[in-house]
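What follows is a set of notes on a single structure, which appears directly below.
The values are calculated or read from the model by the stated rules, or taken from the named source; none is laboratory data. These numbers come from a predicted model, not from an experiment. Positions of Cβ are generated from backbone atoms using ideal geometry, with glycine treated the same way; all protein chains shown enter the neighbour counts. The area values use the complete protein model at the heavy-atom level, side chains included, leaving out ligands, DNA and RNA. Shrake-Rupley method; radii C 1.70, N 1.55, O 1.52, S 1.80 Å.
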Amino acid sequence: MFKNVAKYVALTTIGLSAVVPMVQVHAADSKRQNIVFWHSMTGQNQQAIERIVNDFNASQTKYQVTPEFQGQYVEALPKFLSVGGTSKAPDLFQSNEISTKQLSTSGMIEPMQTLIKKYKYSTKNLRKNILNYYTINGKLYSMPFNSSAPVLYYNKDAFKAAGIDDLPTSPTYEQVTAAAKKLKEKTGSAKLSILPYGWTFEELLANQNQTLVNNGNGRKKTATKATFNNKAGKNIMNWIKTNASAGTLVDYGTGANAGDTELSAFTSGQIDMFMNSSASLGNIKKNAKFNIGVTYLPRPEGTKANGVVIGGASIWMSKGKSTKVQKGAFEFLKFATSAKEQAQWSIDTGYFAVNTKSYDTKQLKDAFKETPILAAPVNQLKDTKINAASKGALITAMPKERVNTQNAMENVINGKDVDSELSKAEKQTTSDIKQANEQAGE
């Protein structure tokens, strides 16, 4: 199944090369209970999810899961909300992490906790800090499935050529900046990218044990205002400004393709340091022609690393489905998150295995042994402190918050005042939160 780590590192959540064999998803068997599963996986990830479906369908004779692609997350969510609570709703629905607040309060889903209790299922082998994101007031609302987190990537060969030591496991902003300055001295060019992206800001904030919004990051009760115009928020913006002012920072802007451009710039050697999803490691390893370094997310000097908020997506159960459909859907979810299936899913896609027992399997042990840098993202997740900051913010206005903070980051890169931009972003986010709460009747 897993013989060469090249198969593992050639895969990622975007731009995947064809390694997983094409799978054939068969039409529903009339003798079985059909389970409709809406998902947003494309390319290699779609093949990987269809492999899980086929494995489940072949493992028993009572149920037939039918996977149906519904577009990217931003396209699939409105589709679900338009049919949720009706007979047209799918039985299972995959959605990204920032839709958790909206879906959990929609009245259209059956909390996973209800099924866990009904079918006496134990979540003890599922990673706790991933479960925490989808847990509200002690109740798990959806089943974690494809999870990732941000890390810092750097070009070890470029560091060596510039006489720079490898970065430590948990580097500081100051160490990253010092390396960026030496790289510029050596090459004459800026070699660091801090992409203006709301997700990046959220993660850097959480790594300082600072919540994004009030009321325990919206988890004790509904959040009413943003809380990032403070020392932690300013640490991030001042770090960005320091590098922009020093000419060590490359700005790829906030456009739709900025992330892809940044990723390509790293693998082609145009930049030597950037932050990106752990699920991009396969793509980077496949395309980079140099030795890669992977560290935890950076933190300000004198601040202990708090850890990261989980990203990716989970699977939701529609409300109002028959007992037979519910049971079949839950059987599939148990299968999809089992140690064996999650190990292969991680190999096929680059996402974390959400089942802790997956890391005891031979294929993942071999992967980590052959390519030690694969361990850094997993170790960072293990070292993450469990608190309000690392659980992530629970607000419906998350997409708007990301626009507000990324605009502030971009403006600071372009010379605007840190205090003014951070204040403006926080005020706008608070306004967006209040508007979303009013629309939801909260």
Scanning segment 210-231 for residues that are free of Cβ contacts under 8 Å to residues at least 60 places away in the same chain and assigned to a helix (DSSP H, G or I), the one surrounded by the fewest Cβ atoms within 10 Å (Cβ to Cβ) turns out to be Lys231
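Yes/no per residue for (1) among the hydrophobic types (A, V, I, L, M, F, W, C); (2) at pLDDT below 95:
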{"site": "Ala329", "(1), (2)": "yes, no"}
{"site": "Asp366", "(1), (2)": "no, yes"}
{"site": "Ala376", "(1), (2)": "yes, yes"}
{"site": "Ala389", "(1), (2)": "yes, no"}
{"site": "Asn404", "(1), (2)": "no, no"}
{"site": "Asn407", "(1), (2)": "no, no"}
{"site": "Val418", "(1), (2)": "yes, no"}
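Among the residues of segment 178-209, how many are open to solvent by 10 Å² or more (accessible area, probe 1.4 Å) and part of a helix (DSSP H, G or I)?
Of the residues in segment 178-209, 10 are open to solvent by 10 Å² or more (accessible area, probe 1.4 Å) and part of a helix (DSSP H, G or I).
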Given (1) open to solvent by 30 Å² or more (accessible area, probe 1.4 Å); (2) over 27 Å from Ile433 (Cα atoms); (3) among the small types (Gly, Ala, Ser), Ser278 misses just (1)
When (1) of a type outside the set (Lys, Arg); (2) part of a helix (DSSP H, G or I); (3) within 17 Å of the chain's Cα centre (by Cα); (4) surrounded by 23 or more Cβ atoms within 10 Å (Cβ to Cβ) are applied to Gly328, the one that fails is (3)
In the set Asn379, Asn411, the lone residue that is among the polar types (S, T, N, Q), part of a helix (DSSP H, G or I) and farther than 28 Å from Pro168 by Cα is Asn411
>> Scan segment 286-309 and tell me whether some residue there is out of contact with any Cys (no Cβ under 7 Å at 6 or more places or on another chain), closer than 18 Å to Glu97 by Cβ, of a type outside the set (D, E, K, R) and outside any loop (DSSP other than H, G, I, E, B).
In response: no
Matching residues in segment 163-177 (open to solvent by less than 30 Å² (accessible area, probe 1.4 Å) and not β-branched (Val, Ile, Thr)) number 4
Cβ pairs under 9 Å, 6+ apart or interchain, first in segment 371-397 and over 30 Å from Gln435 (Cβ atoms) and among the basic types (Lys, Arg), second part of a helix (DSSP H, G or I) and open to solvent by 10 Å² or more (accessible area, probe 1.4 Å), ordered by first then second residue, are Lys382/Asn129; Lys385/Asn129
Pairs returned, first residue in segment 319-346 that is in contact (Cβ under 8 Å) with a residue 40 or more places away in the chain, second residue that is open to solvent by 10 Å² or more (accessible area, probe 1.4 Å) and assigned to a helix (DSSP H, G or I), beta-carbon separation under 6 angstrom, 6 or more apart or interchain, are Ala339/Lys357
